[in-house]
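What follows is one structure encoded as structure tokens, with my remarks underneath.
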Amino acid sequence: MKYLSSYFTFATAIALFFSFEPSSPDPHENFVRCLYNYPHITNTISNVVYTQTNSSYSSLLDHTIENRRFSNSSSKPLVIVTPLDVSQIQATIICSQRHGLQIRTRSGGHDYEGLSYVAQVPFVLLDLSNLRQIAVDEESRTAWVQSGATLGELYYSISQKSKTLGFPAGVCASVGIGGHFSGGGYGLMMRKYGIAADNVMDAHIIDVNGNLLDRQAMGEDLFWAIRGGGGASFGVIVAWKVKLVPVPSIVTVFNVSRTLEENATEIIQKWQLVAHKLDERIMIR
């Protein structure tokens, strides 16, 4: 996947913490100036930088906020960056360090707790929603997916290649890949295939020094940590290589509705006794 080397998590939800102090009373102005002057950027970065005075700032900030209490929060990013490639992410990381700003990383999905776009210190929001390319290889049963894509986009891309391959991840189509994978990835096929993180084969991450690393370069300890430990705790995850799994071309889904008067509690009790004994292809929730 050569093209991925030119791209940039959700890793979504946790900050990169830096110990650098602001160099002036207006660190975001120095940060923006640093971005514009940063060498080796392959695309014009001014087109993806939004300060609070930009007319698109509010709509961009709010477009994935599901919990509306955060829309009125006073804790807003000084700058939003929506990178198009790896070089712009590297510049954002280095310039944030130089000018005392933390980073919140948000991918393309929702975040009910606000951890990817709220902070109590001056911060930059790194929004990965432009990085959503997906490449499915039916022959090898693998796919590369960028962190800004959603589960729905991944599932759709797989379905366009094969009716008998799938990926064991969550139910909600609007969940961002970066946050879901780096948080573990609970889903309906987990009894047979495990969670999403169990089926991640490789990843591209940009570390605190701006280096782009794959699984071999980052080492097995870090590769283990980003699959459940929160990707943005350790760097910015650009893309994930996942293992696709065989699924039936037709599946059965059904609901059983019961009220308390119809002995719903007894059904739940029985479910707890038998669920682990059922065929691993069956999931009850």
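Cross-link list K192/K270; K243/K270; K163/K270: which exceed 24 angstrom alpha carbon to alpha carbon?
Where the Cα-Cα span goes over 24 Å, the pairs concerned are K243/K270; K163/K270.
With a probe of 1.4 Å, find how much accessible area segment 134-246 has per residue, and write the answer as a whole number in Å².
40 Å²
Antiparallel versus total DSSP beta bridges in segment 27-127: what percent is that, nearest 5?
25 percent
State the antiparallel share, in %, of DSSP beta bridges confined to the chain, rounding to the nearest 5.
Around 75 percent of the beta bridges assigned by DSSP in the chain are antiparallel ones.
Could you tell me what % of all Cα pairs in segment 113-233 have separations over 21 Å?
40 percent
Please list, or write none, the aspartates and glutamates whose alpha carbon is within less than 20 Å of the alpha carbon of K76, excluding same-chain residues fewer than 8 places away.
Once the sequence-local aspartates and glutamates are set aside, what remains near K76 is E21, D26, E29, D62, E66, D111, E113, D127.
How much area per residue is accessible in segment 27-127 when the probe is 1.4 Å and only protein heavy atoms are counted (Å²)?
Dividing the accessible area of segment 27-127 by its residue count gives 43 Å².
How many nm separate the modelled label positions at N67 and S46, each set 7 Å beyond the Cα in the direction of the Cβ?
Computed distance between label sites N67 and S46 equals 3.8 nm.
By the scheme Lys and Arg +1, Asp and Glu -1, what is the net charge of all other residues having a beta-carbon under 12 Å from that of F123?
Its environment carries a net charge of +3.
Compute for segment 53-196: radius of gyration divided by Kirkwood radius, i.e. Rg/Rh, restricted to C-alpha atoms, rounded to two decimals.
Taking Rg over the Kirkwood Rh, I get 1.02.
Heavy atoms only, probe 1.4 Å: what % of the accessible area of segment 27-127 goes to carbon and sulfur, would you let me know?
46 percent
Can you return the aspartates and glutamates within cross-link range of K241? Criterion is Cα-Cα under 16 Å, with same-chain partners fewer than 8 residues away left out.
Candidates past the 8-residue exclusion: D137, E138, E139, E153, D198, D202, D214, E220.
Full-extension gain between D137 and R33, please, as 0.36 nm times their residue separation minus the C-alpha to C-alpha distance.
33.3 nm
Wrap a convex hull around the Cα atoms of segment 27-123, take a quarter of its surface area, and give that in square nanometres.
5.9 nm²
Order the following by accessible area, largest value first: H28, H99. Probe radius 1.4 Å; ligands, DNA and RNA are ignored.
Reading off the accessible areas and sorting them downward yields H28, H99.
For segment 147-285, which whole percent of the accessible surface, found with a 1.4 angstrom probe, sits on carbon and sulfur atoms?
The C+S portion of the solvent-accessible surface of segment 147-285 is 55 percent.
To the nearest µm²/s, what D does Stokes-Einstein give for the chain at 10 °C and 1.306 mPa s, using the Kirkwood radius over alpha carbon pairs as Rh?
Once the numbers are plugged in, D ends up at 79 µm²/s.
Could you order the peptides 120-128, 176-184, 142-150 from most to least packed, using the average number of other C-beta atoms within 10 Å per residue?
Final packing ranking: 176-184, 142-150, 120-128.
The values are calculated or read from the model by the stated rules, or taken from the named source; none is laboratory data. This is a predicted model, so every value here is computed, not measured. Every residue, glycine as well, gets a Cβ built from its backbone with ideal geometry; the counts of neighbours run over all protein chains shown. These accessible areas exclude ligands, DNA and RNA; they are computed on the full protein's heavy atoms, side chains included. Shrake-Rupley method; radii C 1.70, N 1.55, O 1.52, S 1.80 Å.
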